[in-house]
Number of protein chains: 2
Amino acid sequence: MRFLHTADWHIGKKLHGFDLVEEQRDAYQQILAIADEEHVDAVVIAGDLYDRKVASELSVNELDDMIRDLNLTHHYPILAISGNHDSATRLGSGSHWYEATQFYLHTTVAQAMKPVELDDTQFFLLPYFEPFQVRHFFEDDAIQNVQQAMNRLVTEMQQQFDPSKKHVLVAHFFAAGSEHVDSETSVEVGGLDAIAVDSLSAFDYVALGHLHGKDALHAEKVKYSGSPVKFSLSEANQQKGVWIVDTAEMSTAFKTITPVKDIQVLTESFETLIDPKYYETVNRDNFIAISLADTQQITDVMARLRKIYPSIISIDRQNGIEIAEQQSRVDPNLDPLVLLDHFYEEATGGSLTNEQHKWAALTLTDAMGEETV
Amino acid sequence: MRFLHTADWHIGKKLHGFDLVEEQRDAYQQILAIADEEHVDAVVIAGDLYDRKVASELSVNELDDMIRDLNLTHHYPILAISGNHDSATRLGSGSHWYEATQFYLHTTVAQAMKPVELDDTQFFLLPYFEPFQVRHFFEDDAIQNVQQAMNRLVTEMQQQFDPSKKHVLVAHFFAAGSEHVDSETSVEVGGLDAIAVDSLSAFDYVALGHLHGKDALHAEKVKYSGSPVKFSLSEANQQKGVWIVDTAEMSTAFKTITPVKDIQVLTESFETLIDPKYYETVNRDNFIAISLADTQQITDVMARLRKIYPSIISIDRQNGIEIAEQQSRVDPNLDPLVLLDHFYEEATGGSLTNEQHKWAALTLTDAMGEETV
């Protein structure tokens, strides 16, 4: 079978005060068009459908419209889970009626244990979970962290494996090795909350949500789709899109989504920015992040620039931390201590002392130790 | 056909801080048992399923469990609307999937215009509405109050009438002539928001929600079921239950629901209340409202009485306003001005002056005039 893998729709999310509903509607239409063109048999949405546990009434309407269109109008089976931004209970209310039209929405650990079988594939739909939920479910006090929880879950899921079928896990967590950026807010993405990619090797494909860039992880069978829309300045340089997965040959292809209003960083002096010769070359409909090259005081800078660039999302000084560029400079495969050096330097302008280095190394070793217990 | 008419479940409601979830679960079980015994073909729920527009996760789970049990396990068709306590949007999310199993939940004026046909009956499911919603729906600026809105809605619904069928309206509003009590909180129940019973004569039966006592209105074809559970001291003497409606002969029968913990008013002196000879005759598992006969100061009265009566919902002095008794004394069919006299006397101990009487009469005439425009 062929399915489309998307995640992190975050309906209700704002970008520095700007409503993203038009972006999200357009992205949805692109997802639908890709599903049609690629003749997929199902659509996977790997969590964080909403941006907040108590979504606004407008957001409830938006998501309801999209899901109705996809499932009831266009008759795509949907395989979805709740993410850490969703309220599993609120999102899951009503889900028992959805299955009649092949809209499978799992929001509890118990549901994750019963695979959904479509064509040649068993889908295990595992919502975002906290270790205590898995501890309670199995009544096993030895389950103390997400890795232990995940190991147990995988073992149980394997009991359900039909060897004649392909096995796909849909989940929402931080997989080890991931690079992550600042719009995955209020998420525990520390080392202790990571799940090692190796521990997921039982599956033919793992469709992940949680991190917003597809390049957050480079593994053949374990992939983040990323969000369909750019949700922060740190995502300015990400290519958004969805994965098309073909289970016959277990091939994957990334299909891109184009923003209506892109996020663009302008690093210029104030004088240049207000010069028509310059700004007429810029797509001023975009969300604009400005990094001022000036060093002197400029009065009323936001108001003056907003007259020219209506959708300014931030103004920074070039010598401040300029996140979007940082992201593109940093190689996520570097040693964590080297990454820490980079970060400390860019944040403070100084370097770690030898003593600080030693502490960091010790803490990291401790953390890694706990992780692989 | 035969259907059961209930309303005002108010899942999530508390009684002076006491959780009512056990009461509500038990009432649900009694409703289910009545539906079985009476061999009904459908269950009508006339609004206020939740107590709050943003229901807690616990409440979402509770209601979901009940509705699933009724519709998916016991296969009863459900005809439901949103009330003023519900968020139409939140409650209605997912409702497009529910109809596959004959769970009809209408939360918009547009939906109310399309009758649900079951057996020999057309059901018009009209959610709680504000006049502006009907004004917008019909694009008619002449619609300024609920009566005007209702007249227009009835006219439109009549266009849909199949003369070979019975016609039932399910709605959630204050019908004129109603007596109402203090647990219908934050509701605009003034005269201007009332709908005249006469204007509903096109229907064979009107299944109402909004007021919590079945005796709030005495009309042959327009009935409140009342809430299944007592939600305030003022409901202490109400008999709770549901209506069984048979459309073949258009007969109605009231079936009672028995509380697990009833609301009971004790009017005694403190000395009597703490005397085992007295309190051993009382069902102390009940919710107890105490009206102290004493006139002297008593220290730490709540703490001392709670040791004996664990579920005290209020302590009053006998010479204060004692609502539960008031309710039973007042005949709702009295002239509004006579009712006002009663109320003023009991609230203040004095009587209205002639001048005050005149003002009240004038205001009432004005209000009645606007109502019947």
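The values are calculated or read from the model by the stated rules, or taken from the named source; none is laboratory data. Owing to the predicted nature of the structure, the values given are computational and were not obtained by experimental measurement. So basically every Cβ, Gly included, is an ideal-geometry build from the backbone, and we count neighbours across all protein chains shown.
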Could you tell me which numbered condition B:Gly12 fails, if it satisfies all but one of (1) loosely packed, with under 15 Cβ neighbours inside 10 Å; (2) touching a strand residue (DSSP E or B) at 6+ places or on another chain (Cβ under 9 Å)? (1)
Can you list the helices (runs of 4 or more DSSP H) lying wholly within region B:313-373 that have 3 or more residues being modelled with pLDDT under 60? B:323-329, B:354-371
Scan region B:95-116 residue by residue and report those that are touching a residue at least 12 places away in the same chain (Cβ under 8 Å) and aliphatic (A, V, I, L, M). B:Leu105, B:Val109, B:Ala110, B:Ala112, B:Met113, B:Val116
Please report, ordered by residue number, the strands (runs of 3 or more DSSP E) entirely within region B:82-144 with at least 2 residues that are buried (at least 20 other Cβ atoms within 10 Å of the Cβ) and away from chain A (no Cβ under 14 Å). B:121-125
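Restricting attention to region B:63-93, report how many residues are among the acidic types (Asp, Glu) and within 21 Å of B:His5 (Cβ to Cβ).
Total meeting the criteria: 2.
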Looking for whichever is among the charged types (D, E, K, R) and more than 11 Å from every other protein chain (Cβ to nearest Cβ) here; the options are B:Asp64, B:Asp41. Which one fits? B:Asp41
Can you name the residue in region B:261-291 that is among the aliphatic types (A, V, I, L, M) and touching a helix residue (DSSP H, G or I) at 6+ places or on another chain (Cβ under 6 Å) and is also surrounded by the fewest Cβ atoms within 10 Å (Cβ to Cβ) among such residues? B:Val265
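Does region B:36-51 contain any residue that is more than 17 Å from the chain's Cα centre (by Cα) and in a helix (DSSP H, G or I)? So that I can check it myself, show each step before the final result.
Filtering region B:36-51 down to residues more than 17 Å from the chain's Cα centre (by Cα) leaves B:36-42.
With in a helix (DSSP H, G or I) added as a condition, the list becomes B:36-37.
The answer is yes, given that some residue of region B:36-51 is more than 17 Å from the chain's Cα centre (by Cα) and in a helix (DSSP H, G or I).
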Scan region A:49-56 and give yes if some residue there is in contact with a Leu (Cβ under 7 Å, 6 or more places away or on another chain) and within 12 Å of chain B (Cβ to nearest Cβ), otherwise no. yes
